[in-house]
Amino acid sequence: MSILVTGGARSGKSSFAERWIMAHAKHAVYVATAQAFDQEMKERIALHREQRSRADFAWRTVEEPVELAELLASWHAEPEAPAVLVDCLTLWLSNVILMVEGEPDREQRIREAIDSLVEQIQQYSGTLVLVTNEVGDGIVPEYALGRLFRDYAGILNQAVARVSSQVFLVTAGIPIELKSREYKL
């Protein structure tokens with residue numbers, strides 16, 4: 001079962017995702033996709049680690065900024081796939097985009113990375129909670145790289161939402177389940 005949790009920056013989506021998985025599993029793997037390139041990100045990562053350590057829950061943290069599909073595939077092959085919380089898909093996507101930046105086939109490689117991840121999400125036999133950001137509700141980014149990221153974040157979110165059992169939108173700390181409300185033509 002896969003659950004997608006989306007929302008804006010500081011909307012409460014990560015806290016909700018953590019609470020959701022703690023309510024539905026005895027222990028879980030926390031897959032962090034962030035990379036600490038600057039002091040602010042180092043502080044955010046430290047805060048998240050500290051918050052998880054206070055929780056009365058057995059978290060195991062794995063840091064994986066790029067090879068997320070491969071990581072899920074390796075766990076899927078285990079006799080019992082662990083419950084996993086991935087925070088977050090949009091940071092993973094930005095890592096992928098930066099990795100292929102300047103390559104002539106970069107858009108093909110981004111699509112392949114997204115397709116591979118979505119395939120692993122579909123195949124995953126354990127509980128999987130995926131956090132992502134809604135980034136397309138604001139202004140059009142000024143730079144080409146920002147527009148590329150915004151476009152592929154939308155493509156990624158749609159693809160993951162299609163294969164997820166539930167999709168939650170978190171706004172002002174309030175989660176609303178969307179998938180059951182989907183209008184089908």
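No lab work stands behind these numbers, since they all come straight from the coordinates. Computed from a predicted model, the values in this text were never measured in an experiment. Heads up, the Cβs are rebuilt from the backbone with ideal geometry, glycines too, and the neighbour counts pull from every protein chain shown.
The relative contact order of the chain comes to 37 percent, based on Cα pairs under 8 Å that sit 6 or more residues apart. When each full DSSP H helix of the chain is screened for a Cα extent of at least 24 Å along its own axis and an average Kyte-Doolittle hydropathy of at least 0.0, the helices passing are 144-163. Based on DSSP H segments of at least four residues, each scored -39500 (n - 2.57), the chain has a per-residue ellipticity at 222 nm of -15500 deg cm²/dmol.
Go ahead and set up a Gaussian network model of the chain, Cα springs under 10 Å, then flag whichever of 140, 96, 84 fluctuates most. Its mean-square fluctuation being the largest, the pick is 140. The value obtained for segment 1-114, namely the Cα convex hull volume divided by the number of residues, is 117 Å³ per residue. Among the chymotrypsin sites (Phe, Trp or Tyr not before Pro) in segment 1-65, those located in a DSSP loop and surrounded by at most 15 other Cβ atoms within 10 Å of their own Cβ are 37. So, in the chain, how many Lys pairs have Cα atoms under 26 Å apart, if the pair is 8 or more places apart or on different chains? Step by step, the pairs that qualify in the chain add up to 5.
Max-minus-min Cα coordinates of segment 56-156 on each principal axis give 46, 31, 21 Å, with the largest extent listed first. For segment 76-185, the set of chymotrypsin sites (Phe, Trp or Tyr not before Pro) satisfying both a DSSP loop assignment and a count of at most 15 other C-beta atoms within 10 Å is given as 143, 183. For the chain, a simple Cβ point-charge model (Lys and Arg +1, Asp and Glu -1, everything else neutral) yields a dipole of about 680 debye relative to the Cα centre. In the chain, the sites counted are trypsin sites (Lys or Arg not before Pro) in DSSP loop states with at most 15 other Cβ atoms within 10 Å, and the longest stretch holding none of them, exclusive of the sites, is 27-183. Rg over Rh for segment 112-164 works out to 1.04, both radii taken from alpha-carbon positions and Rh defined as the Kirkwood radius.
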